[in-house]
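Report on one structure; see the data block that follows.
The values are calculated or read from the model by the stated rules, or taken from the named source; none is laboratory data. Since this is a predicted model, take the numbers as computed values, not measurements. As a convention, Cβ positions derive from the backbone with ideal geometry for all residues, glycine included, and neighbour counts pool all protein chains shown. The area values use the complete protein model at the heavy-atom level, side chains included, leaving out ligands, DNA and RNA. Shrake-Rupley method; radii C 1.70, N 1.55, O 1.52, S 1.80 Å.
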Amino acid sequence: MAEATPRPAATFKEGRVEADGFRIRYLEAGQGNPVVMLDSMKWGLSKLHDALAQKYRIVALELPGFGSSLANTRSQSVKDLANTMAQAATKVARDQYTLIGTLFGASVALWQTLQWPDQVEALILISPTAILPAGDPTAGTPQQMARRLFAHPENMQGLPSVDPAIVAKEQALVQRLKGATHDAEVESRLSEIQCATLVVFGLKDQMVAPEAARIYREKIPNCNVAIVYDAGHIIVAERPEALINAVADYV
């Protein structure tokens with residue numbers, strides 16, 4: 001029996017959208033139902049982006065102050081940044097969309113869903129740290145960071161190199177807006193999220209307390225939790241296929 005021919009990688013086109021006084025970069029590919037992703041993109045597009053673009057219209061929005069964008073000194077809170085991203089999303093995906101937030105982007109996606117509930121048809125949070133964070137990913141040496149972020153620190157070496165200035169810029173923004181603190185306000189409002197929600201954690205995630213998964217599942221009315229085995233906080237770098245399966249099946 002002949003092996004199936006691998007599908008060619010999706011071709012992403014770059015664009016800019018003006019929203020809330022920011023000029024926001026985005027990458028877009030695919031056709032079909034819209035999926036908006038809130039990403040840093042400092043490591044480039046992942047296998048998850050490509051897999052979803054095979055079936056859906058993917059728009060990956062770069063958070064102001066992340067990646068190649070200028071430093072963001074205007075946003076005063078995660079809620080503030082979420083309002084900006086909601087305005088950007090209305091311009092690139094005019095209908096309802098599935099919203100995916102990864103890492104800090106998941107905190108933004110939570111507030112975006114709470115503030116603009118009519119926009120978001122389904123919500124997917126990958127390694128969110130809004131509830132019961134267990135550590136600061138920006139503290140310590142690169143080796144100490146790797147031990148907290150990865151189940152297998154050697155997997156950090158497989159990621160593309162990143163300009164240290166970009167890393168410092170993103171870390172400064174995250175610390176200013178959120179830091180490593182528990183968001184008690186967002187926890188108190190989880191019951192307001194009425195759309196279908198999927199929360200994905202790595203089993204060996206050291207950045208979030210284990211009971212965080214239970215809080216999401218109990219307080220969001222229509223919530224499922226997926227646990228990816230043998231993965232830490234950066235799931236896409238350690239178990240990309242498992243992450244793709246969990247997210248693609250849900251979408």
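Counting Lys and Arg as +1 and Asp and Glu as -1 over every other residue whose Cβ lies under 14 Å from the Cβ of Ile193, the net charge comes to -4.
Can you pull the percent of Cα pairs in region 161-251 with separation above 15 Å? Roughly 69 percent, rounded to a whole number. In the chain, carbon and sulfur make up what percent of the accessible area (probe 1.4 Å)? The computed percentage sits at 50.
Under 5 Å from the amide H of Val208 lie the amide H atoms of Ala134, each residue being 5 or more positions distant or on a separate chain, with H modelled from the backbone and absent for Pro and chain starts.
Which order, highest average first, do 79-86, 225-232 follow once you tally other Cβ atoms within 10 Å for each residue and take the mean per peptide?
Values: 79-86: 22.2, 225-232: 18.6.
Final packing ranking: 79-86, 225-232.
Backbone amide hydrogens, once placed in the peptide plane, bring Leu123 within less than 5 Å of Leu99, Ala196, Thr197, Leu198, excluding anything fewer than 5 places away on its chain.
Please list, by residue number, every one of the GluC sites (Glu not before Pro) in region 161-251 that is coil in DSSP and has at most 11 other beta-carbon atoms within 10 Å. Don't skip to the answer; put the middle values down first.
On the way: sites: Glu170, Glu185, Glu187, Glu192, Glu211, Glu218, Glu238, Glu241; in loops: Glu211.
Sites meeting the loop and neighbour criteria: Glu211.
Separation of the alpha carbons by more than 32 angstrom is noted, of Lys55/Lys91; Lys55/Lys169; Lys47/Lys178; Lys13/Lys169; Lys169/Lys219, for Lys55/Lys169; Lys169/Lys219. Counted by Cβ distance under 10 Å from Phe12, the other residues give a net charge of -2, where Lys and Arg count +1 and Asp and Glu count -1.
Please compute, over every Cα-Cα pair in the chain, the percentage with a separation greater than 34 angstrom. Kindly include the intermediate steps, with their values, before the conclusion.
Values: 2898 of 31375 pairs.
It works out to 9 percent of all Cα pairs.
Distances between placed amide hydrogens fall under 5 Å for Arg57 paired with Gln31, Gly32, Asn33, Val35, all partners being 5 or more residues away or on another chain. Taken per residue, the accessible surface of region 18-100 reaches 41 Å², heavy atoms only and a 1.4 Å probe.
Karplus-based coupling profile of region 209-218, in residue order and whole Hz: 5, x, 6, 4, 4, 5, 5, 4, 5, 7, with θ = phi - 60° in 6.51 cos²θ - 1.76 cosθ + 1.60 and x standing for Gly or Pro.
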